[in-house]
Amino acid sequence: MLGLMMVERERELPQLTRNRNRSISSDTCWQFEHPKFAPGTPRDRDTQDSARQETADHFYSQKEDESSDDLVNFGSELTFVTFKAFERQAKVPPGTLSQIIVKSGDDGAWQRLEQGAITLSEFAVVFSKECSQKVTESCRVKWRKPQLEIYKHCLHSLQVAPQEAILLDDLGINLKAARQLGLHTIKVESAAQAVQDLEKTLGLTLVGKVEGTTDVAPHLALPLSSLAKYLQSLLGVQDTGEPLVRAFEHGQSNPTYYVKFGNRQLVLRKKPPGKLLPSAHAVDREFRVMTAMASQGVPVPPMLHFCDDSSILGTPFYLMEYVKGRIFKDRRLINLPHNQRYSLFESMCDMLCKIHSVDINKAGLSDYGKQGKFMERNFARWAKQYEASKTREIPSMTNLMQWISKHLPQDEKVTVVHGDYRLDNLIYAEDRPEVLAVLDWELSTLGDPLTDLATCCMTYYMPDDSPINPGFGSNFDFKGENIPDVKEFVAMYCQKLNIPLIDNWEFYVAFVHFRMAAILQGVYKRAISGQGSSAKGKMVGEMVETLAERGWQVACQSGLHSMEALAAIKGSGMDSQRRNFSTQVHPTQVIMSHLARPLSSHSHSESAGLMPVTVSALSSHVQNIHQRVREIIDEHVLPLEAELLKIEDRWSVHPRVEELKAMAKAEKLWNLFLPIETDPEGNMEQASQMWSMHSSVNRWAALFLHQSAPDTGNMEVLVKYGTEEQKSEWLTPLLEGKIRSCFAMTEPAVASSDATNIQASIRRDGNHYILNGHKWWTSGAMDPRCKLCIFMGKTDTSASRHLQQSMLLVPMDSPGVKVIRPLSVFGYDDAPSGHGEVVFENVRVPVTNLLLGEGRGFEIAQGRLGQTTTRQAFGKPLASQGTIQAAVAQSRVDIEQTRLLVLKAAHMMDLYGNKVAAPEIAMIKVAAPSMALRVIDRAIQAHGGAGLNHDFPMAQMYAWARVLRLADGPDEVHMQAIARNEYAKITRSRL
């Protein structure tokens, strides 16, 4: 080793740069190493080194064979020649090999050869490696210690002055030369001594460095002697020295320390010093809940002791074992392999579900918090603490607090709540996505678990440059980075706990913004009071206002906002972003996000947005899509319909079908029925496209544009409720149009419009389900491309009516699936897709094919849910006849009325979600088919007998319009729902 710094390699010291002192390290030119000292006294060592030097000198003094070409070389057989000859050939400084032999000690190749421990051939290999490893910078620059040139070269390479560098070496001659240039020097007698001297010189702690820790700030320093006595008594450790203490950088509330005492690694967490807010920093509660959760299988660090004796460390504290693992502070997981990221988030979700599933009574936590009205009490607590720590007025915080108080949920589940559940409060195993410990339970209590979920999801709502809890940012590519987006994560949580999707999600998002703002306000006040546990405390002041404004914006954009919220939006300039719609329902438009749902079906009465009633009222982007859809239908679909109907084998797929599908894909007019979830025009856009496609008979346009049933509904089911594996296997090929699917619910023996009536059975058998049932009107089952069936049956007939049904994904080629025959509608069989009668006999499918969970089938089902100008009569064209004109006029009235109702329903779905829009949806399901039947019937009447023939499309149109009065539930079911809603309105008005 010819480096300038010699310390023990095992310590792997980093490059050290502090103030004016800088040590020379392997990160630049030199490598770290400490020579293997020979046993015995320094005198013995000197004697042995002298003997080795004499042996080496012997070879330098030998006569050189100038004609020899077989010189010593690295990496091949070594032949003995004079060292001088080799060094000249290798172009290394004289004496290099001699120094290697001396420094290698008793374990070196030369000494082992002398002892007969290795053969000459083995020596050649080992000694060559030693030379390759040890002949480094000195060989290249042709200088060696103690030559001054090598020190100057190193200082120049590091770009430091001599007084900014430190040399560690075990040879006095090398140190003396360094001091001549003004370098600081440390004589290495042992590794421990050298590091200790280096710590004193630098004023830094080098021993016991733990990732994520830093030196303890003076105002948070612990009395080490008092701590040592406590640890000796508690742990029975005989170590009489002071414990090594470092502060964890992570966390800003309760000071947390890494403590090493004897051979034990511990974590100490205590109350901060100074005057504190009421009920805050309750470390006794932390210790209790963590101990209780450990008893129920929730991983936490092993808990050791809680101490309420403030005379020991100044405030109460508790002690736990140190858990070594990975903590991810960067939510983007940049340093984690791409294929491991999703599973890490899934593991985080699993652990949250595990916490929320703990039996409170078994854990001994029934008195850990009040049960019931948690959100009301929690809000009051944080509002009180915010007021107590407030340093200035923040209008958005005031507005947000008023809004929250008016929209507190009335129906709450009670579980253990962590209070600050997020990725960087979890310790993961080093080699797998397993959570080893959940940290920081300071805010835990009994309450509404959805606050935990919203807290965990805050990173989705925070900007990526936030100094506190930075988020993903608005442009993050979740799919490309293999990380679930917020919708996937929330759906994952609901699916794992077997609960419905969250109706009032945005309330919880707004609430956690408020709570975090209140917490940070407390941190900020402590920081400016000199009591903060982190230097970052003073940085969070501006974040309070940012969080309050973002929380207020979420509240204003939800379906729960009040008139005050609308006024604030208008005042903030958001009102200027409205579109110029042709029909105004309310003066302000508010767009909800993809998970928000209002609390009640009547809450939209104050806040309905503006409804576009013509294509021109939509955005330019949507108008462009509408125009392109119109063009592809007029230019390519309609001219081809006659040819498609004349195919000989009507149950095969016409080759032109794939051509038009490819054209639609190329034009990016594919899968338009699945709008982006946050798209405020999603359903309005779909309604305008369907209007364009209405002229195509036999639904060819919908097929070419990939918007035909039942694939659309089935794909929506998979998008909403499918697992990642199910989506990969079935959703992807469906979206690509490579396969088709069918939906098996209706049964011949029962009125299947009420899904609770179905009789098909689903029985669990180990890792499989066994299906038996007789289905008909299974749309799409006859299609030769049909590869998947969504099957609905009963898994538990003893459960309540709406929890008996389940849905499964069944491959159509599964043994036991028998397609009996196609069913016709008024003589039309709808080839090549058809409506099949299908029997399922002992069909086995894996349990992984279950959708959402057992007993949730009903939930899924609910969520799925120009001729007259030439024809003459009585001597003049029909168009001139009064009855025909009346029929045309009435048809236009019927169409426009229904179209406006459809647009209103679509608008309500975009603005408030399907739940609030349920009455409008039910009304269009009754109104649209009935209207179509009346209009088509008038057209048939005008055409006479020709209207009943295949020469014209009216008969087929009539048949399909009649089917629609049953296909999505009979009129009677929807009418009953509409009536219930009307009676509910009367009841509410009387309250």
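Can you spot a residue in segment 799-819 that is assigned to a loop (DSSP other than H, G, I, E, B), among the β-branched types (Val, Ile, Thr) and outside the structural domain of Tyr958 (by the TED database)?
No: segment 799-819 contains no residue that is assigned to a loop (DSSP other than H, G, I, E, B), among the β-branched types (Val, Ile, Thr) and outside the structural domain of Tyr958 (by the TED database).
Just checking, does segment 834-845 include any residue being of a type outside the set (Lys, Arg), modelled with pLDDT of 90 or more, open to solvent by 10 Å² or more (accessible area, probe 1.4 Å) and over 30 Å from Asp649 (Cα atoms)?
Yes, there is a match, as at least one residue in segment 834-845 is of a type outside the set (Lys, Arg), modelled with pLDDT of 90 or more, open to solvent by 10 Å² or more (accessible area, probe 1.4 Å) and over 30 Å from Asp649 (Cα atoms).
Quick check: is even one residue across segment 344-351 open to solvent by less than 30 Å² (accessible area, probe 1.4 Å), not aromatic (Phe, Trp, Tyr) and not assigned by the TED database to the domain that holds Val486?
Within segment 344-351, not a single residue is open to solvent by less than 30 Å² (accessible area, probe 1.4 Å), not aromatic (Phe, Trp, Tyr) and not assigned by the TED database to the domain that holds Val486.
Of all residues in segment 734-779, which are in a helix (DSSP H, G or I) and more than 18 Å from Gln862 (Cα to Cα)?
Within segment 734-779, Leu734, Leu735 qualify.
I need a count of the residues in segment 352-388 that are under 30 Å from Ile483 (Cβ atoms) and either in a loop (DSSP other than H, G, I, E, B) or open to solvent by 20 Å² or more (accessible area, probe 1.4 Å) (or both).
3
For Pro784, state whether it is at pLDDT 95 or above, closer than 22 Å to Gly737 by Cα, of a type outside the set (Val, Ile, Thr) and open to solvent by 10 Å² or more (accessible area, probe 1.4 Å).
Considered against the rule, which asks whether it is at pLDDT 95 or above, closer than 22 Å to Gly737 by Cα, of a type outside the set (Val, Ile, Thr) and open to solvent by 10 Å² or more (accessible area, probe 1.4 Å), Pro784 comes out as no.
On the given criteria, is Ser741 farther than 17 Å from Gly853 by Cβ, at pLDDT below 90 and surrounded by 15 or more Cβ atoms within 10 Å (Cβ to Cβ)?
Judged against the criteria, Ser741 is not a match.
On the given criteria, is Phe507 of a type outside the set (Lys, Arg), in the same structural domain as Thr546 (by the TED database) and open to solvent by less than 10 Å² (accessible area, probe 1.4 Å)?
Yes, satisfied.
Given the options Gln759, Gln805, name the one that is open to solvent by 40 Å² or more (accessible area, probe 1.4 Å), modelled with pLDDT of 90 or more and within 27 Å of His974 (Cα to Cα).
Only one candidate qualifies: Gln759.
Looking at this structure, is Ala751 surrounded by fewer than 15 Cβ atoms within 10 Å (Cβ to Cβ) and in contact with a helix residue (DSSP H, G or I) (Cβ under 7 Å, 6 or more places away or on another chain)?
yes
Results for (1) at pLDDT 75 or above; (2) more than 53 Å from the chain's Cα centre (by Cα); (3) open to solvent by 60 Å² or more (accessible area, probe 1.4 Å); (4) assigned by the TED database to the domain that holds Ala755, shown as yes or no for each residue.
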{"residue": "Met931", "(1), (2), (3), (4)": "yes, no, no, no"}
{"residue": "Ala939", "(1), (2), (3), (4)": "yes, yes, no, no"}
{"residue": "His943", "(1), (2), (3), (4)": "no, yes, no, no"}
{"residue": "Gly947", "(1), (2), (3), (4)": "no, yes, no, no"}
{"residue": "Asp951", "(1), (2), (3), (4)": "no, yes, yes, no"}
{"residue": "Val963", "(1), (2), (3), (4)": "no, no, no, no"}
{"residue": "Pro970", "(1), (2), (3), (4)": "yes, no, no, no"}
{"residue": "Met975", "(1), (2), (3), (4)": "yes, no, yes, no"}
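I need the full set of residues from segment 718-733 which are assigned to a helix (DSSP H, G or I) and closer than 22 Å to Glu854 by Cβ, in order please.
Within segment 718-733, Leu718, Val719, Lys720, Tyr721, Glu724, Glu725, Gln726, Lys727, Glu729, Trp730, Leu731 qualify.
One line per residue, one yes/no per condition, for (1) open to solvent by 60 Å² or more (accessible area, probe 1.4 Å); (2) modelled with pLDDT under 70; (3) in contact with a helix residue (DSSP H, G or I) (Cβ under 6 Å, 6 or more places away or on another chain):
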position	(1), (2), (3)
Arg597	yes, yes, no
Pro639	yes, no, no
Lys668	yes, no, no
Phe673	no, yes, yes
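This table checks each residue for (1) in a loop (DSSP other than H, G, I, E, B); (2) buried (at least 18 other Cβ atoms within 10 Å of the Cβ); (3) on the phi < 0 side of the Ramachandran plot.
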position: Arg432; (1), (2), (3): yes, no, yes
position: Ala437; (1), (2), (3): no, yes, yes
position: Thr451; (1), (2), (3): no, yes, yes
position: Ala454; (1), (2), (3): no, yes, yes
position: Tyr460; (1), (2), (3): no, yes, yes
position: Asp464; (1), (2), (3): yes, no, yes
position: Ile468; (1), (2), (3): yes, yes, yes
position: Gly473; (1), (2), (3): yes, no, no
position: Phe476; (1), (2), (3): yes, no, yes
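Scan segment 307-333 for residues that are farther than 18 Å from Val438 by Cβ and assigned by the TED database to the domain that holds Ser253 and jot them down.
Within segment 307-333, Cys307, Asp308, Asp309, Ser310, Ser311, Ile312, Leu313, Gly314, Thr315, Pro316, Phe317 meet the criteria.
From the list Pro146, Pro162, pick out the single residue that is touching a Gly at 6+ places or on another chain (Cβ under 6 Å) and either surrounded by fewer than 20 Cβ atoms within 10 Å (Cβ to Cβ) or modelled with pLDDT under 85 (or both).
Selected residue: Pro162, the only one of Pro146, Pro162 that is touching a Gly at 6+ places or on another chain (Cβ under 6 Å) and either surrounded by fewer than 20 Cβ atoms within 10 Å (Cβ to Cβ) or modelled with pLDDT under 85 (or both).
The values are calculated or read from the model by the stated rules, or taken from the named source; none is laboratory data. Note that the coordinates shown come from a computational prediction; the quantities given were computed from them, not determined experimentally. Positions of Cβ are backbone-derived with ideal geometry, glycine not excepted, and every protein chain shown enters the neighbour counts. Each accessible area value is taken on the protein alone, full model and side chains, heavy atoms only, with ligands, DNA and RNA left out. Shrake-Rupley method; radii C 1.70, N 1.55, O 1.52, S 1.80 Å.
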